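Structure first, commentary second.
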């Protein structure tokens, strides 16, 4: 496969490779891997996925490039899901202090967003694309949309979750929201307008620019922010409770129990034991 790429494409490859290597250096130097395992692995493994594809795109065959692209797309999708899970865990860390209304609203919006994302993604069909390319685009598009919506929901509820904007958690999440939203949109455009070369080229170019901006923002965050997630102060937790005190009638345990997740607290276990003993017949 011998393509004549434009100087802009070569420039994006060079800038992207330098930023990827710099991000790997920042992960190691700032000890982000100890606090951000999924995010650190994502930044370290992405160059290992992307850099070998450049010589294959220049001198390899079409089949080899397609195979590398599909493998890279699946690996990136898995890593992105782990990163979004890691961000969600860090944001929801003060779970015991969060009001039931906040947890219920997040669960409802998350389930609604995931359902809509999957429905919209599978409705899109490519025109003239190879089957393996269409499968890869569908997998990427679905995961990008789901991950982007989950992060949008977290940022939408930032105040009620006690999320500090000037923190590594918030800034890393904002970078992924930008990248995932643009990439999901690009993967809607490519299969629908695959016969329009100018539009698909512009879509791919926009997706690359979004990735470079997100990558540069993550590097800035790693050099300027503490990797450890900030714990909400008692004042912030009290303010969160005050915001929703009139709507916190249903405990979080009952909300999660409706979704099949049961949480047993020590005080609840002791109460259950005492009730069981009081109901037991007396020995004679």
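The values are calculated or read from the model by the stated rules, or taken from the named source; none is laboratory data. In this text, all values refer to a predicted model and were calculated from it rather than measured experimentally. As a convention, Cβ positions derive from the backbone with ideal geometry for all residues, glycine included, and neighbour counts pool all protein chains shown.
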Checklist entry - Condition test on residue 74, is it in a helix (DSSP H, G or I), under 22 Å from residue 176 (Cβ atoms), in contact (Cβ under 8 Å) with a residue 24 or more places away in the chain and within 15 Å of the chain's Cα centre (by Cα)? => result yes
Checklist outcome for this item: Filtering region 192-208 down to residues that are in a helix (DSSP H, G or I) and touching a residue at least 24 places away in the same chain (Cβ under 8 Å) yields 192, 205, 206, 207, 208
Checklist entry - Of the residues that make up region 228-238, is at least one surrounded by 13 or more Cβ atoms within 10 Å (Cβ to Cβ) and either modelled with pLDDT of 70 or more or touching a strand residue (DSSP E or B) at 6+ places or on another chain (Cβ under 9 Å) (or both)? => result yes
Checklist outcome for this item: Pairing a residue in region 106-119 that is within 18 Å of residue 155 (Cβ to Cβ) with any residue that is exposed (fewer than 12 other Cβ atoms within 10 Å of the Cβ) and at pLDDT below 85, where Cβ atoms lie under 8 Å and the two sit 6 or more apart in sequence or on different chains, gives 107/259
